[in-house]
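Scroll down for the structure; my scribbles are underneath it.
The values are calculated or read from the model by the stated rules, or taken from the named source; none is laboratory data. Everything numeric here is computed off the predicted structure, so don't read it as measured data. All Cβ positions, even for glycine, are placed from backbone atoms using ideal geometry, and neighbour counts span all protein chains on display.
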Amino acid sequence: MVRKHVGPFFDRQSLVRVSSEQISAFLMVKKREGLATKTITNQLAFLHGLFAYATKRGWIDSNPVSSVDRPRPQGVDPDIRYLDLPQLDALLRAVPDDALGPTERALYLAAAMTGLRQGELIALRWLDVDWPSERLRVRRNYTRQEFGTPKSRRASRSVPLASRVSDELKHHFEGSSYRADQDLVFAHPHTGHPLDASKLRKRFKQALQRARVRLVRFHDVAHASGVDGPPRFQNYADLRRLRAESS
C-alpha cells in the first residue's frame, strides 16, 4: 500500500505538512485510477492508523484523516437483505447467555425498531433516552474509535421509542453497572467503554448462524425501520401492516 499508492502520491512529504485537503485529493486520484470503493476505504483506514500513531507519539498535533469522509459507492444497494419478524425473534433468542449477551440483545432490538446505525447505537448515552417523551435523541456517533457529531442536521434527530424497545432498555438499565447520564447505553459490561465494532459484527454473524437465519449485515437490520428517515412503525403490528402494504 505504501509502495504502490501512498508513497508515490505524497512523495516523502513530512507528516506535519499533510492536510485533510491532501488526503481528500489522494482519494480522488485513486478513484480516477479506477480502484474499487472498498480498496480506497482500506487505504483511508491505513492512513488514519498511520496518523493516529504519529499523533500518539507527539510527532503531529492532530490527525488530518479524522475530518475526511469515507468514499461511498455509487447508487443504492439493490439487495438489502431484511430480517422478517420471526427471524428477528429467532436472532434475539440465539444471543449467547454470556457477559455481552444482555447488551447485544437490547442493541439488536433497538437497531431493528429504531433505524439507528451501528455507530449511533454504540455512541448512545442514557441522557439520550427521553423516557417521558418515548424518544431516542441521536446526537453523536462512534466511528474509527472516535466519538463525533452528525455531519448534517438530518443526521441529528430523534426517533420514536416503541414500547417493546422501551421495556427492553429499562430492563437493560436495571442490570447495567453504568447508569449515569453520560454512561453509554450499550457499554461493554466490564469496562463501560464502547463496544468493539468489528467484534460486534462477528458475534452478530455467529448469532444469525445459531438462529439458522440467513446471513445479513448489521446495517440491514436497521433498514427494517427506515434508516434514512424516521422509523415507520411503533410495534410489530404496524410493521406487519407496512410490509403488507408494500408487498
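Details
- Boolean, residue 135 is of a type outside the set (Gly, Ala, Ser), over 24 Å from residue 217 (Cβ atoms) and surrounded by 13 or more Cβ atoms within 10 Å (Cβ to Cβ): yes
- Every pair of residues 6+ apart whose Cβ atoms lie under 8 Å, when the first sits in the range 174-201 and is more than 16 Å from residue 147 (Cα to Cα) and surrounded by 18 or more Cβ atoms within 10 Å (Cβ to Cβ) while the second is modelled with pLDDT under 95 and aromatic (Phe, Trp, Tyr): 200/218
- Scanning the range 1-41 for residues that are in contact (Cβ under 8 Å) with a residue 40 or more places away in the chain and more than 17 Å from residue 63 (Cα to Cα) gives 1, 31.
- When the range 85-129 is limited to residues that are among the acidic types (Asp, Glu) and in contact (Cβ under 8 Å) with a residue 12 or more places away in the chain, the one that is surrounded by the most Cβ atoms within 10 Å (Cβ to Cβ) turns out to be 120.
- Picking from residues in the range 16-31 that are β-branched (Val, Ile, Thr) and surrounded by fewer than 17 Cβ atoms within 10 Å (Cβ to Cβ), the one that is nearest to residue 48 (Cα to Cα) is 16.
- Wholly within the range 122-204, strands (runs of 3 or more DSSP E) carrying at least 2 residues that are over 22 Å from residue 88 (Cα atoms) and touching a helix residue (DSSP H, G or I) at 6+ places or on another chain (Cβ under 6 Å): 135-138, 141-143
- Looking only at residues in the range 191-247 that are of a type in the set (A, V, I, L, M) and modelled with pLDDT under 70, the one that is farthest from the chain's Cα centre (by Cα) is 244.
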